[in-house]
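Asker: Let me begin by handing over the structure; questions about it come next.
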Amino acid sequence: LLNSNSFTVIRDDAFAGLFHLEYLFIEGNKIETISRNAFRGLRDLTHLSLANNHLKALPRDVFSDLDSLIELDLRGNKFECDCKAKWLFLWLKMTNSTVSDVLCIGPAEYQDKKLNDVTSFDYECTTTDFVVHQILPYQSVSVDTFNSKNDVFVAIAQPSMENCMVLEWDHIEMNFRSYDNITGQSIVGCKAILVGEQVFVVVAQLFGGSHIYKYDESWTKFVKFQDIEVSRISKPNDIELFEIDSEMFFVIADSSKAGLSTVYKWNNKGFYSYQSLHEWFRDTDAEFLDIDGKSHLILSSRSQVPIILQWNKASKKFVPHSEIPNMEDVLAVKSFRMQDNLYLTLTRFIGDSRVMQWNSKQFVEIQALPSRGAMTLQPFSFKNNYYLALGSDYTFSQIYQWDDEKKIFRLFKEIYVQAPRSFTAVSTDRRDFFFASSFKGNTQIFEHIIIDLS
C-alpha cells in the first residue's frame, strides 16, 4: 500500500525484484507520469490501483508485463482522449481484466465521457514524414520511373558523368541498385517508353543529337535503336510521354531559339516526327493533360506566357487553344488531380510560383508560393496524402502538404538538396520513395513513412 503520499512519478523498474507481488495500490498521490517499463517483471500482479492521481495519459503498453492482472482501477484520473490514448482504447477492448471507467477531460467533444465511447482514432492519429533511405553519390538532373515484368526501374540523367543510369529495385536488399548504363554526351533527360513488351529510353542530349535506346534481351542491356533529328531538337529541356486514341506519342520541348518543340509518334517500327508545335519561343517544359475529356498540351516558355494546345480530332494535330495570362517566364508546368479537380503548378525562378485550379472555363490561381531560385515545383501523392516539392538553388527545398480544411498547401518539411532539378515519386513493395535530383551534389532518395502518433 503506497496510498496518500506525494509521489509524482513512477520510473522504469520501480518494483524490480518483486516477482511475486500480487496487490499494488498507489492511490491518492500526485502522479502525473508513469514510465513505459514501470511495472516490468510484475508477472504475478493481480490487482493494481492508480486511482485518484493526476494522470492524463499512460505510455503505450505500460501493462504489457502484467500477465496475471485481474483488476485495474483508474478512477479519479482525467485522461486526454486524443492520440496518446489510442493504444489504451484498443487495450480496453481486448483485455480480460476488469477495468474501471476511464473518464476523458479532453478534447472538448469527449469531455466527461468515457474512453470507451470514443468513436475512432484511425484518421487523426497518423502523420507522415520523409526520411533519407539511400544516397546516390553522383549528380543528376532528372529521374524517370517505369515498371517492366513486375520490377521497378528508374532512369537517372547525369550530365556531368555523361550517362543515363538505369537502377532496379532490389527486393532482397531493399534498395535501388545499378542495372544498366547508357553513355552519351551532356545527357539532360532520360524518358522510358513501354510499347507492349518492349522498353525504350529516349535520351535527350545537348550535344551530339538525341537518341532512342531499346532494351535488348539477348544483350541484357539497352542498345541504340534510333536517332532523333538534330535539325529539329537543338536544346532539349523536357520529354513528355502521352497516349491518344491508343496511339503512343512523346513531345520534346526545345529551349533554343533555333530549336523546334516536336511531337513524335510510334508507327510500329519506330518513333518519327509527327508535328512541329512552334519555334522561336525557347520552350522550357511540356505537359500533357486531359481537360473535360479532351487532350491538351501546355507549353511553358522563357519568352511568353504558357500556351494551351488542344488536340483536333479531325486533323489529328494539336492546334492553339488559349493561354495562361500574366504568367511570364515559367520554367515548368505540371498537372495533377485531387478529389476530381484538375490543378496546375507553374514554376518561376524569379517571383512567386503558382498553384492553379481548372474551374470549367479557365485556370484560376488558388495559391502563390514564394520561390526565388526555384527550378522545379513538383506535385506528387502517396496514400491520399498530396504534396508539392519546391526546389531552390538559394535555400532549403520545401515540401508542402495539402490541407483539406483550408484548401491550400501548407509547409510540411524542409530538406537540403544542392541545386535541385527534379523530384520524382517512385513506389515499390508497398513502399513509397521520393527521388531528389541534385545538379551540384548527391542524388537523395527519401522514403515516405506513416507515423502512428499513439
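Asker: Using a 1.4 Å probe over the heavy atoms of the protein chains, calculate the carbon and sulfur portion of the accessible area of the stretch 1-123 as a whole percent.
Answerer: Heavy-atom surface of the stretch 1-123 belonging to carbon and sulfur, 1.4 Å probe: 48 percent.
Asker: Binning at 5 Å from 0, report for the stretch 1-123 what percent of all alpha-carbon pair distances ends up in each bin.
Answerer: 2, 12, 21, 26, 22, 12, 5, 2, 0
Asker: Please report, largest first and rounded to whole Å, the three semi-axes of the ellipsoid equivalent to the chain, where each semi-axis is the square root of five times an eigenvalue of the C-alpha gyration tensor.
Answerer: Largest first, the chain gives 57, 25, 19 Å.
Asker: So, with +1 on the Cβ of K and R and -1 on the Cβ of D and E, and no other charges, what is the size of the charge dipole of the stretch 145-228 about its Cα centre, to the nearest 20 debye?
Answerer: Roughly 200 debye, rounded to the nearest 20.
Asker: Determine the distance separating the Cα centre of the stretch 256-273 from the Cα centre of the stretch 360-416; give it in Å without decimals.
Answerer: 32
Asker: For the chain, give the magnitude of the charge dipole about the Cα centre (Cβ charges: +1 Lys/Arg, -1 Asp/Glu; no others), in debye to the nearest 20.
Answerer: That gives the chain a dipole magnitude of about 1020 debye.
Asker: A further question follows. Do you know the relative contact order of the chain, to the nearest whole percent, from alpha carbon pairs under 8 angstrom that are 6+ apart?
Answerer: 10
Asker: Wrap a convex hull around the Cα atoms of the stretch 101-245, take a quarter of its surface area, and give that in square nanometres.
Answerer: Orientation-averaged projected area of the Cα hull: 15.7 nm².
Asker: Given points 7 Å out from each Cα along the Cα-Cβ axis, report the K440 to A16 separation in nanometres with one decimal.
Answerer: About 5.3 nm separates the two model spin labels.
Asker: Where in the chain is the longest stretch that carries no chymotrypsin sites (Phe, Trp or Tyr not before Pro) classed as loop by DSSP and with at most 15 other Cβ atoms within 10 Å?
Answerer: 281-393
Asker: With the dipole of the stretch 145-228 worked out from charges on the C-beta (+1 for Lys and Arg, -1 for Asp and Glu) around the Cα centre, which of N181, T145, I193 lies farthest toward the positive end?
Answerer: The Cα lying farthest towards the positive end belongs to I193.
Asker: Quick one: pull the percentage of alpha-carbon pairs in the stretch 145-228 with a separation above 19 Å.
Answerer: Of the Cα pairs, 33 percent sit more than 19 Å apart.
Asker: Further question: Can you work out the accessible area per residue across the stretch 29-177, with the rest of the protein chains kept in place, probe 1.4 Å, in square angstrom?
Answerer: With all protein chains present, the stretch 29-177 gives 48 Å² per residue.
Asker: Right, next: Note down the nm distance, to one decimal, between modelled labels 7 Å out along Cα→Cβ at E405 and at N3.
Answerer: Simple spin-label model gives 4.4 nm for this pair.
Asker: Under a cut-off of 28 Å between alpha-carbon atoms, report the lysines in cross-link reach of K114, not counting same-chain residues fewer than 8 places apart.
Answerer: Of all the lysines, those that pass the test against K114 - Cα under 28 Å, at least 8 places apart if same chain - are K30, K56, K78, K84, K86, K93.
Asker: I've got another one for you. Got a number for the accessible area of E27? Probe 1.4 Å, square angstrom, nearest 10.
Answerer: About 50 Å², ignoring ligands and nucleic acids.
Asker: Could I ask something else about it? Using the structure shown, list the pairs from K265/K313; K317/K407; K334/K406; K224/K269; K214/K235; K235/K361 with a Cα-Cα distance above 25 Å, or answer none.
Answerer: In this structure, K317/K407; K235/K361 lie more than 25 Å apart at Cα.
Asker: If you keep only loop residues by DSSP, which trypsin sites (Lys or Arg not before Pro) in the stretch 67-99 have at most 10 other Cβ atoms within 10 Å of their Cβ?
Answerer: For trypsin sites (Lys or Arg not before Pro) across the stretch 67-99 that sit outside H, G, I, E and B with at most 10 neighbouring Cβ atoms in 10 Å, the list is empty.
Asker: Give the residue from I366, S300, I172 lying farthest towards the positive end of the charge dipole for the chain; charges sit on Cβ (+1 for Lys and Arg, -1 for Asp and Glu) and the dipole is referred to the Cα centre.
Answerer: S300
Asker: Here's something else I'd like to know. With a 1.4 Å probe and all protein chains kept in place, how much accessible area does D82 have, in Å² rounded to the nearest 10?
Answerer: D82 exposes around 60 Å² with every protein chain in place.
Asker: Next question. Would you kindly find the accessible area of L90, with a 1.4 Å probe and non-protein molecules such as ligands, DNA and RNA excluded, rounding to the nearest 10 Å²?
Answerer: Spelled out: L90, probe radius 1.4 Å, area about 80 Å².
Asker: Further question: Please grab the % of Cα pairs in the stretch 309-435 that end up more than 22 Å from each other.
Answerer: 40
The values are calculated or read from the model by the stated rules, or taken from the named source; none is laboratory data. Computed from a predicted model, the values in this text were never measured in an experiment. Cβ coordinates were reconstructed from backbone atoms using ideal geometry, including for glycine residues, and neighbour counts include every protein chain displayed. Quick note on the areas: whole protein, heavy atoms, side chains included, nothing else; ligands and nucleic acids left out. Shrake-Rupley method; radii C 1.70, N 1.55, O 1.52, S 1.80 Å.
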